[in-house]
1. Only one of (1) within 23 Å of Asn77 (Cβ to Cβ); (2) touching a residue at least 40 places away in the same chain (Cβ under 8 Å) is not met by Gly190, so which one is it?
2. Mind listing just one residue for me: the one in region 350-409 that is over 28 Å from Ala148 (Cβ atoms) and of a type in the set (Asp, Glu) and, of those, surrounded by the most Cβ atoms within 10 Å (Cβ to Cβ)?
3. Can you pull out every residue in region 652-691 that is buried (at least 19 other Cβ atoms within 10 Å of the Cβ), in a loop (DSSP other than H, G, I, E, B) and within 24 Å of the chain's Cα centre (by Cα)?
4. Starting from residues that are in a strand (DSSP E or B) and free of Cβ contacts under 8 Å to residues at least 60 places away in the same chain, keep the ones in region 96-118 and report whichever is nearest to Thr66 (Cα to Cα).
5. Do we have Ala361 as part of a loop (DSSP other than H, G, I, E, B) and modelled with pLDDT under 95 here?
6. Consider Arg520 against the criteria (1) surrounded by fewer than 18 Cβ atoms within 10 Å (Cβ to Cβ); (2) within 23 Å of the chain's Cα centre (by Cα): it satisfies all of them except one. Which criterion is unmet?
7. If I filter region 492-512 for residues that are in contact with a Lys or Arg (Cβ under 6 Å, 6 or more places away or on another chain), of a type in the set (D, E, K, R) and touching a residue at least 40 places away in the same chain (Cβ under 8 Å), do I get at least one hit?
8. Consider region 291-350. How many of its residues are under 20 Å from Asp255 (Cβ atoms) and either more than 30 Å from the chain's Cα centre (by Cα) or not hydroxyl-bearing (Ser, Thr, Tyr) (or both)?
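The values are calculated or read from the model by the stated rules, or taken from the named source; none is laboratory data. The structure presented is a predicted model; accordingly, all values stated were derived computationally and were not measured. Positions of Cβ are generated from backbone atoms using ideal geometry, with glycine treated the same way; all protein chains shown enter the neighbour counts.
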Amino acid sequence: MKLFLTLPLLAIALAAGPALAQPERGDNSDAAQIVVTAQRENQTEVLNSGDLGVLGDKDAMEVPFTVRAYDETLILNQQPQTIGEVLENDPTIRTTYGFGNAAEQFVIRGFTLFGDDVGLNGLYGIAPRQLIAPELFDQVQVLNGATAFLNGAAPGGSGIGGSVDLILKRADADPLTRATLGYTSNEHFGGSFDVGRRFGDAGQFGIRVNGAFRSGDVGIDDEFRRTRVIGAGFDWDGGDVRLSLDLGYQRVEVDRLRPKVTLATTTIPRVPDSDANYAQPYTYTDLRDYFGIFGIEWHVADNALLYASFGARDGREDGIYGGITVTDAATGAANGTALFVPRTDNNEAAEAGMRIALGSAITHEINLGGNISWQTNRNAYDFLYGPGFAGFATNLYDTPIVPIPSSTLVGGDLDDPFPISKTRQGSVFASDTIGFWDDRILLTGGLRLQTIRVESFDYFTAARSSLYSEDAVTPVAGIVVRPTEQISLFANRIEGLQQGPVAPLDPVLVNPGQTFAPFRSTQYEVGGKLELGRFNASLALFQTELPSAFAVPVDPANPAGQQVFGINGEQRNRGLELTLDGEPVDGLRLIGGLAVYDAELRDTAGGANDGNEAVGVPDFTVNANVEWDVPFLPGFTLTGRVVHTGEQQVNQANTLTLEDWTRFDLGARYVFAAGETPVTLRFRVDNIADDRYWASSFDAFNAALLQGAPRTFKLSVSADF
């Protein structure tokens, strides 16, 4: 009902726009200039640059890696509620969820990147975990490929296929005062503000304060979400010395999250209605984070820079997470369970380094430095499975409301969780990029010595149960050749270092919570980039090999019995990635591309699955996001997006396969001047056909499916005062 009340308001606003100040073609009035300027500033674009850790901020044409960034304009235009929705624009990334709870994870080059391992201003462990609201960030940067040398090993044990780094907002030279109101179907309303100013004779001191509040039911039946975020960025630019301080707060609540669907069947069940919800009313996730980063840069000479940053995060989380396991694909009959987990995190991270530029005919850019991080995780668990771990009867298609099951097994202190793991990671690095032929040939070589120390503690006694302290040297070698200013050819060999996995909390396992020693991957990549004015293209071919971790039966003769989690086999991923972005013709902008993947399992238990495709890695992905500034209606822009995901394997035996799926999104923006104030109206429909589909099967431990979101309407209005 509220949607039908909101749509007429949009129509009235669209009709009122011309009455307020709709410029005619060729109009040179102030109103016309306001509309032209605002429409230009609202253009959704990709930035072909990013922070490459050790190497610093670089243009993509200058480095032997694939890097790009989605900026705050895209976030404002598309109205995403999470970082995962921002990354839906990327043809090389697919977003899925962890088991049972509201925890986004990202599939890059066929490998997972946990939400815990998303960087913040280049530091790990400081960004909020699980779900991240996008309003606080100026850029969402993506680097495809292993990053153990560039950023160090991700402390959560993922990131082999690529990394995501969030860049906090800064005050620009132009004053900013923006207010936005928004609506997402079915009953989700909210608003945000963004204020930035610079002060001083030369604008030395900057302040940027922004925040958002959203609350209400979303498109899935009875799924409720509430998000509160606020951030403040302070910076001082004294020329040779720059200081910055960023502080942030995030609170995210999700009630009755539609969970993943685990399969105990030999066939894949039909997809429920697009808005169906098979969660129980008592399930919820509550996430709260305080975080901050202090940074300093000092140009000690024209060719030498010293830098350092320190960050910290205090996080709290608790929730009752629901599980559903389908036992009959035809009828939807299933078994339900619940799991209560309270958790706190206390993380700190620091980095310092020096960057020196030398030479003229032959140039050198030398990087020296190190970083360290500390993470303490306190948690406990309560398996709410009922007597004998039996769970309760439910149904995928006609879900009954049942009481929460009784407690079956408790680990840790539910009221005051004690440390379950303490992780300390440290590293030192050195690199040199040598330039020839006016830097048209760039050779990069470097080494990072990484140490990982992990203590694990018993859930029942709080005593230390395991300790490992390992170190490894991860090298990098890369080359960039630029025969012209518009063409960049590159190749690299780089390794990934992964903290050993932790056996999941599952009653089937004999070793839940066991932590394993780190292991490394090796990546080879070649590619090229093209820059033609406002249009960019990038092509990359890669191969990555990584040991695999999954569970196998304790007794091979009893595959349905207890299992042990461990390092079993190897996964070899090969692929081709093509990305396109820019404005090929005036008024028409494109963000898109495609990826082709071949993910193969090797050395599996008993050789049973050797040569099979890896679980949850699509064989083909395509994205195309298009914007068209309608020439005969100044200020009006039409938008559209198509997302295609190819077949995915659901289990390692490859006996269950998800069909490919395609989703279409449509929308429009309209800019008009209300006096001297530019106002932007946005309307968008995601999954316009309301298709129902299994979106992801990325779960190496369980045969599990994640259902795609239903048709979702989004409206917003922004005014820049």
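1. The one condition Gly190 does not meet is (2).
2. Asp382
3. Of everything in region 652-691, just one residue is buried (at least 19 other Cβ atoms within 10 Å of the Cβ), in a loop (DSSP other than H, G, I, E, B) and within 24 Å of the chain's Cα centre (by Cα), namely Asn687.
4. Ile108
5. Taking the combined requirement at face value, the residue satisfies it.
6. (1)
7. Scanning region 492-512 turns up at least one residue that is in contact with a Lys or Arg (Cβ under 6 Å, 6 or more places away or on another chain), of a type in the set (D, E, K, R) and touching a residue at least 40 places away in the same chain (Cβ under 8 Å).
8. 16
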